[in-house]
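Structure, as structure tokens:
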Amino acid sequence: MSIGGAEMVDWNLAVATATRFVRPGPEVSRDEAREVVAELRRHAKSSEAHVRSFTRMFDEGEEPDQNGTPVLIVDRPGWIKANVAGFREVLKPLLGKMEARRPGGPGGAVLGTVGGKVTGVEVGMLLSFLSSRVLGQYETFARATRDLPAGPAAPTPGERKAGRLLLVAPNIVHVERELEVNPHDFRLWVCLHEETHRTQFTAVPWLRDHIESEIQDFLAETEIDPSTLIERVREAFQSFATGSRADSDEATVDADDEASDRSLIDLVQTPNQREILGRLTAVMSLLEGHADYVMDGVGPEVVPSVAEIREKFQQRRQSGAGRLDLALRKLLGLDAKLRQYRDGERFVRAAVEQTGMDGFNRIWTSPNTLPTKTEIAKPADWVARVHRRSET
């Protein structure tokens, strides 16, 4: 996509940049690498039955391992390629909208000068930073390629849309060594988390479309005038330069807090986007918290050292890898991701305790039964709303 002849994002350059600057993975022999890949495949397959039995989330008539979503064991460049493909798919409507705008506005020359090459490098550097931190991912939006197959890209009416499950082998090995935990237990523990995400999307047919619709509504609200967008980004950086204050791990940050508590992403939002972001934050907190709850709930029976793994992994999540890492996490909104794990797990645990697993699973009935951002912090409010409604 381009504006005034300048490509908005040079995706090939983004991949090349990210691949060039990605950190090398841990040193492993060829034989060890094969063993890791084989074990992750076994754990991914076995974890499906564990997760579905624990969550009681099945499709009618579905057999285990028949959900149409492949498990891909990838390295860091493979994760980068998959996410670039996902970005291209999700951002296509926005870039098409920008391409359709007639060039010549006050910001057109600026955007044309900056061009897709610079944007591609910036995207590449961001992906390079993230590629060494992600252990796994259920990728829902990207189309299949020869190197990265996926479920059906264009399903027939009524057929479930399927994605692909990515496990980033070098990152899993790096973390298990860093934490000094049992590698076999850790690999299964990670697979339980990621398999929960696959179960969420394959057992709840409307979930993918709902999230995609929210994302597209969010992008539709994006300021198209480049000069306005540049000004908002400038204001965002000024807020970080003049208004930063110490983080509080126990503080729950919402969209109405001071600008210094927001990420760069938050600060370039319109009011309508903040409302959409609130709904997306709630559903992502649910999905991440549910995955954490399930991996620990299944863990004691199949992962003997789950308590040790959880304690060490939680400490790693909170500490980051240094001052630069902490600064980037805040700027990019990754601290909010950590809160999603914590707050979402608390919500799921409380909801299950109050209603049982079957009662909790009413959450997957429709978008209307998903928790709001307020209800994530107050599970009893969700219980009262959804269960009172269903009983009247």
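Here, each number is a calculation from the coordinates, and none is a lab measurement. Since the structure is predicted, the reported quantities are computational estimates derived from the model, not experimental observations.
The H on the amide N of residue 163, modeled in the peptide plane, is under 5 Å from the matching H of 151, each at least 5 residues off or on a different chain.
Anything over 28 Å Cα to Cα? Flag those among 81/312; 45/312; 45/81; 45/378, in the order listed.
Values: 81/312 30 Å; 45/312 26 Å; 45/81 24 Å; 45/378 35 Å.
In this structure, 81/312; 45/378 exceed 28 Å between Cα atoms.
Each residue of region 298-313 is assigned a 3J(HN,Hα), and the resulting list reads 6, x, x, 7, 10, 10, x, 9, 4, 5, 5, 4, 4, 4, 5, 5 Hz, derived from the Karplus form 6.51 cos²θ - 1.76 cosθ + 1.60 (θ = phi - 60°), x at Gly and Pro.
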